[in-house]
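Undergrad: Please read through the structure below; I'll follow up with questions.
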Amino acid sequence: MSEIPFVKLFETVEAYYVFDVNTTSIIRIDENLYKTLEKIIAKEIAYSQMDSVSMKKVEKLKAQGFLKSCNTNIEIKHAAADQIEDYMKNNVHQLILQVTQNCNLRCKYCVYSGSYVNRVHTKKRMSIETAKKAVDFYHKHNSNLENGLISFYGGEPLLEIKLIREIIDYSNKVFEGKKVKYNMTTNATLLTDEIVDFLYENGVNLTISLDGPQNVQDNSRVFAESGKGTFEVIMGKLDHIKEKYPDYMENISFNAVLDEKNDFQCSSNFFTYDFISSAIVGATTLNQNSSKNEIHYSELFDTNYRYELFKAYLYLIGRLDRKYVSKLMEAQIAVMKENIHKKVIAKGNRGNVYHPSGACVAGATRLFVNVDEKFYPCERVNESCNAFVLGDLDTGFDMEKVHKLLNIAQLTPNKCKTCWAGDFCNLCAAGMEDGDELSAQKRMERCEKVKLTCEIQLKEYCVLREHGYHFD
């Protein structure tokens, strides 16, 4: 009983909790035991110095398998690492094709806007020969999966609609007998009746970039040639689709980039807009990875964001009508269920081999093929960093690099072994580059923020449970 328990203590307004790291369990305890465990962890007292009541409670928890110490002899290795070669042969889930690096807009915050290191728009486009090679490669490496999923990315993919038509026609033939789903991320400004007809007929799911009302949208998302805002053009296209192709609205979702210069409340209120209110709306903050200038969100932005999240929580516990809940918060609720609830109810003891969550199976989860036929783990990483190049269409996967990205925590093994938040960690390799290498220092710079976010999520999760919300 002399060892320090591997736990994270936290409290809400109404209760005290211990998160037992080894078993991924949250246990509600009383205030006296909470303060006693605080002293033990701080090495202010030993177990033998506890009062008799606390001693009995601790012994009971120990008998149930809780409060064990941290095993620093574990090996940091992803659970899939030993089978990764076989896995990559037949389990590539999604193919993302960068059909062009060109765009008809010049969004001020875009990673290709010139505000990010080594990432700019070019006139490079994917050839049909490259696209067919990519589809063939994907078909060969997708055999264990029930469906195929092909996504079109840019730049602005609609600049290459002729190529996309050819790719879909070719893919349907190659995948004959197997369902293939198609996705596209677009700014929507180039949509025409002819294009929408084609997308509708082929069931292409669109994610349209739309940040909010006109003053927000037009502040950053402008046309390349004129510099004019895009709001009126996009809303006109959407109104037309709703009128002529109402069924196709079910295939359209939206993504709002939350610019630090804009008021979160404006964007939040906008997505109650008529037909948009029934659509799925995602929200992302500005990409901080490889930005030339540090990005700071204002206190007002944060206050408005937290207030909207608070209202969403009130809705979950039956204290507020859903009509008052921001569409931008729905994704946050889903994140809490995925990141906290599912892992807590799964439980299970940490073994001798362990890896924090966060790293995907690089190249299999989202295989991004750029215009130069190179492989990347997804569309979010820096294409100029060699550490992210996972091979190409001619040579196939570079398994050594796949292993490195899969086992990204091996950059900081000692820190990861003793981190209480490992099972909730969302740190992948994106943004950890330093030149052509991955940086342990950059990983650690982001670690403290991740742990703070995890602690807040644990508290909010328990408050919702205290007030009767059942995540299942």
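Undergrad: Out of everything in region 7-42 that is over 26 Å from the mean Cα position of the chain (by Cα) and hydroxyl-bearing (Ser, Thr, Tyr), what residue ends up being surrounded by the most Cβ atoms within 10 Å (Cβ to Cβ)?
TA: Thr36
Undergrad: Leu61 versus (1) within 28 Å of Gly351 (Cα to Cα); (2) out of contact with any Leu (no Cβ under 8 Å at 6 or more places or on another chain); (3) part of a helix (DSSP H, G or I): which is the lone unmet condition?
TA: (2)
Undergrad: Which one of these is surrounded by 17 or more Cβ atoms within 10 Å (Cβ to Cβ), closer than 30 Å to Glu299 by Cα and at pLDDT below 95: Gly229, Gly212?
TA: Being surrounded by 17 or more Cβ atoms within 10 Å (Cβ to Cβ), closer than 30 Å to Glu299 by Cα and at pLDDT below 95 holds for just one of Gly229, Gly212, which is Gly212.
Undergrad: Which residue pairs have Cβ atoms under 7 Å apart, sit 6 or more places apart or on different chains, and have a first residue in region 210-237 that is assigned by TED's automatic domain parsing to the domain that holds Leu190 and a second that is assigned to a helix (DSSP H, G or I) and aromatic (Phe, Trp, Tyr)?
TA: Here the result reads Gly212/Phe270; Pro213/Phe270; Gln214/Phe231; Gln217/Phe231; Asp218/Phe231, each pair linking region 210-237 to a residue that is assigned to a helix (DSSP H, G or I) and aromatic (Phe, Trp, Tyr).
Undergrad: Follow-up. From the list Tyr109, Tyr47, Tyr153, exactly one residue is in contact with a strand residue (DSSP E or B) (Cβ under 7 Å, 6 or more places away or on another chain) and over 30 Å from Glu166 (Cα atoms). Which is it?
TA: The unique qualifying residue is Tyr109.
Undergrad: Counting only residues that are surrounded by fewer than 23 Cβ atoms within 10 Å (Cβ to Cβ) and of a type in the set (A, V, I, L, M), which one in region 136-166 is nearest to the chain's Cα centre (by Cα)?
TA: Only one residue tops the list, namely Leu149.
Undergrad: Next up: Filtering region 270-287 down to residues that are of a type in the set (A, V, I, L, M, F, W, C) and in a strand (DSSP E or B), which residue is nearest to the chain's Cα centre (by Cα)?
TA: Ala283
Undergrad: Do we find a residue being more than 30 Å from Asp434 (Cβ to Cβ) and out of contact with any strand residue (DSSP E or B) (no Cβ under 9 Å at 6 or more places or on another chain) anywhere in region 287-299?
TA: yes
Undergrad: Is there a residue in region 238-260 that is in contact (Cβ under 8 Å) with a residue 24 or more places away in the chain, of a type in the set (Lys, Arg), within 21 Å of Lys108 (Cα to Cα) and assigned by TED's automatic domain parsing to the domain that holds Leu328?
TA: no
Undergrad: I would also like to ask the following. Take Leu314 and decide whether it is of a type outside the set (Phe, Trp, Tyr), without any contact (Cβ under 8 Å) to a residue 12 or more places away in the chain, assigned to a loop (DSSP other than H, G, I, E, B) and farther than 24 Å from Asn287 by Cβ. Walk me through how you get there before you give the answer.
TA: Numbers: of a type outside the set (Phe, Trp, Tyr): yes; without any contact (Cβ under 8 Å) to a residue 12 or more places away in the chain: yes; assigned to a loop (DSSP other than H, G, I, E, B): no; farther than 24 Å from Asn287 by Cβ: yes.
Here the answer is no, as Leu314 does not meet what is asked.
Undergrad: Let me ask something else about it. Cβ-Cβ under 7 Å, sequence separation 6+ or interchain: first residue in region 2-17 and in contact (Cβ under 8 Å) with a residue 24 or more places away in the chain, partner surrounded by fewer than 18 Cβ atoms within 10 Å (Cβ to Cβ) and among the small types (Gly, Ala, Ser). Which pairs?
TA: That search, which allows pairs on different chains as well, returns Ser2/Ala46; Glu3/Ser69; Ile4/Ser69; Pro5/Ser69; Phe6/Ser69.
Undergrad: Only one of these is surrounded by fewer than 19 Cβ atoms within 10 Å (Cβ to Cβ), over 16 Å from Arg350 (Cα atoms) and in contact with a Gly (Cβ under 6 Å, 6 or more places away or on another chain): Asn426, Asn386. Name it.
TA: Values: Asn386 fails: in contact with a Gly (Cβ under 6 Å, 6 or more places away or on another chain).
Exactly one of Asn426, Asn386 is surrounded by fewer than 19 Cβ atoms within 10 Å (Cβ to Cβ), over 16 Å from Arg350 (Cα atoms) and in contact with a Gly (Cβ under 6 Å, 6 or more places away or on another chain), namely Asn426.
Undergrad: Here's something else I'd like to know. Can you confirm whether region 419-434 contains a residue that is in contact (Cβ under 8 Å) with a residue 12 or more places away in the chain, charged (D, E, K, R) and assigned to a loop (DSSP other than H, G, I, E, B)?
TA: no
Undergrad: Report, ordered by the first and then the second residue, all pairs with beta carbons closer than 8 Å, sequence separation of six or more or different chains, a first member in region 35-62 that is aliphatic (A, V, I, L, M), and a second member that is exposed (fewer than 12 other Cβ atoms within 10 Å of the Cβ).
TA: Here the result reads Ile40/Ala46; Ala46/Ser2, each pair linking region 35-62 to a residue that is exposed (fewer than 12 other Cβ atoms within 10 Å of the Cβ).
Undergrad: What number of residues within region 168-195 are surrounded by 14 or more Cβ atoms within 10 Å (Cβ to Cβ) and either in contact with a helix residue (DSSP H, G or I) (Cβ under 8 Å, 6 or more places away or on another chain) or farther than 20 Å from Ile96 by Cβ (or both)?
TA: Number of matching residues: 15.
Undergrad: Looking only at residues in region 64-90 that are small (Gly, Ala, Ser) and more than 14 Å from Asn22 (Cα to Cα), which one is surrounded by the fewest Cβ atoms within 10 Å (Cβ to Cβ)? Walk me through how you get there before you give the answer.
TA: Keep residues of region 64-90 that are small (Gly, Ala, Ser), which gives 65, 69, 79-81.
Those still in the list that are more than 14 Å from Asn22 (Cα to Cα) too: 79-81.
Working: Ala79: 11, Ala80: 16, Ala81: 18.
Top of the filtered list is Ala79.
Undergrad: Condition check: more than 19 Å from Gly282 (Cα to Cα) and β-branched (Val, Ile, Thr). Does Val196 satisfy that?
TA: Yes, satisfied.
Undergrad: Is it the case that Tyr354 is touching a Lys or Arg at 6+ places or on another chain (Cβ under 8 Å) and free of Cβ contacts under 8 Å to residues at least 24 places away in the same chain?
TA: Against the criterion (touching a Lys or Arg at 6+ places or on another chain (Cβ under 8 Å) and free of Cβ contacts under 8 Å to residues at least 24 places away in the same chain), Tyr354 does not qualify.
Undergrad: Is it fair to say Glu250 is in a helix (DSSP H, G or I), surrounded by fewer than 16 Cβ atoms within 10 Å (Cβ to Cβ) and more than 28 Å from the chain's Cα centre (by Cα)?
TA: When the stated conditions are applied, Glu250 does not pass them.
The values are calculated or read from the model by the stated rules, or taken from the named source; none is laboratory data. A quick note: this is a predicted structure, and the numbers were derived from the prediction, not measured. Every residue, glycine as well, gets a Cβ built from its backbone with ideal geometry; the counts of neighbours run over all protein chains shown.
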